[in-house]
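Read the structure below first, then the notes.
No value in this document is a laboratory result; all are computed from the given coordinates. The structure displayed is predicted, hence computed values, not measured ones. A quick note on method: Cβ atoms are made from the backbone with ideal geometry, for glycine too, and the neighbour counts reach across all protein chains shown.
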Amino acid sequence: MQIIDSLLPLRSAIEGLRRDGTIALVPTMGALHEGHLTLVREAGKRASHVAVSIFVNPRQFGAGEDLDAYPRQLEADCALLRGENVSLVWAPKPAEMYPQGYATNISVSGVSEGLCGGDRPGHFDGVATVVCKLFNQVLPDFALFGEKDWQQLAVIRRMARDLDLTRPAVGNIIGVPTVREADGLAMSSRNAYLTPSQRAEAATLPRSMRAAIAAIEQGAPVGQTLESLRAKLVAGGFSSVDYAELRDADSLAPLSTLGPNPARLFVAARIGSGRLIDNMAVSPASG
């Protein structure tokens, strides 16, 4: 497994891998867990070689967010990846990704608006910019992302389509279902911020979401159900709820009623020093 931190050696390594077959990219910010490894294993099923990027992207963190606190453990991450048949780890420093004088930003309207895009201004500009750079650096045939951040996946697909990034083609940007703990909590590097008692309380999130989805699918009013969901989360230990919304699964347009198209329930809530996000599918209305 090659571990590379500068662009010229990366390009040489990518040329070598490409002569031997296809490449799948798994972009990460490190602090790897089973959710990331699931992406890596899925990537290995689709391509001859798996490349994993590890880069804590400063441009997707806003003022007062956890850029400095975000866990960085490259050595431990690489140890995990060595057991997963990864060919290459791309681990650039910020100055390599954004050299002196860097002045370009990518902004994706529509799907980036509201939800995390509303709560974290500029966040998805940073995501789109760094992912575009990663696609151009690694030139993957496939790229895999977790569905836990469904909005991010929508932004990346829109960006790739609009900018004619044909490798990976839009159809080869693959969403992989969220990996969950035994109690249903979505796996996240930020779960490490939680104390043991907060971690136990955090299971209220998936449990309350499933109950809300069942109610909506059975015809309960959407607005009333979402208000009840917010109340359950606060009663269960969360300090606040940034959003709890029903949206169209494809366009991410807000929904006040369940219609004939697939929908998803999106939630972001705060507990302790952690901000947890999750989303789950909601079946379309029948008839």
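So here's what we get for this one:
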| quantity | calculated |
| --- | --- |
| Within a Gaussian network of the chain (alpha carbon springs, distance under 10 Å), most fluctuating of Leu25, Leu165, Leu115 | Leu165 |
| Cα convex hull of segment 70-169 - mean projected area over all directions, nm² | 7.6 |
| Length gained when the stretch Ala200-Ser240 is fully extended (0.36 nm per residue, less Cα-Cα span) | 12.7 nm |
| For segment 241-287: relative contact order, % (alpha-carbon pairs under 8 angstrom, 6 or more apart) | 37 |
| Ranking of Asp248, Asp68 by count of other Cβ atoms within 10 Å, fewest first | Asp68, Asp248 |
| Under-5 Å amide H pairs with Ile271, H placed in peptide plane, nonlocal only | Ser239, Leu276 |
| Per-residue [θ]222 nm for the chain (sum of -39500 (n - 2.57) over DSSP H runs n ≥ 4, rounded to 500) | -11500 deg cm²/dmol |
| Phi to ³J(HN,Hα) by Karplus 6.51 cos²θ - 1.76 cosθ + 1.60 over segment 205-211, Hz, x for Gly, Pro | 4, x, 5, 5, 5, 4, 5 |
| Average Cα contact separation per residue, the chain, under 8 Å, 6 or more apart, as relative contact order % | 16 |
| Most mobile of Gly64, Gly146, Gly117 in a GNM of the chain (Cα contacts under 10 Å) | Gly64 |
| Placed amide H near Gln2: partners under 5 Å, 5+ positions off or other chain | Leu88, Val89 |
| P(r) weight above 25 Å for the chain, C-alpha pairs, percent | 49 |
| FRET efficiency, Asp5 to Glu217 (Cβ-Cβ, R0 51 Å, nearest 0.05) | 0.60 |
| Segment 165-233: translational diffusion in µm²/s, Stokes-Einstein, Kirkwood Rh over Cα pairs, 10 °C, 1.306 mPa s | 109 |
| Listed residues Pro221, Pro168, Pro196, most fluctuating in the chain (Gaussian network, C-alpha, under 10 Å) | Pro196 |
| Under the Karplus curve 6.51 cos²θ - 1.76 cosθ + 1.60, θ = phi - 60°, whole-Hz ³J(HN,Hα) for segment 180-195, x wherever Gly or Pro sits | 10, 6, 4, 8, x, 5, 5, 5, 7, 4, 6, 4, 5, 6, 7, 6 |
| For Arg180, residues with placed amide H under 5 Å, excluding near neighbours | Met187 |
| Rg over Rh, two decimals, segment 1-143 (C-alpha only, Kirkwood Rh) | 0.97 |
| DSSP beta bridges in the chain [antiparallel fraction, %, rounded to 5] | 50 |
| Cut-off of 10 Å, at most 16 other beta carbons, DSSP loop: longest stretch of the chain lacking such GluC sites (Glu not before Pro) | 114-287 |
| Computed Kirkwood radius, in angstrom, where 1/r is averaged over Cα pairs of segment 141-287 | 16.2 |
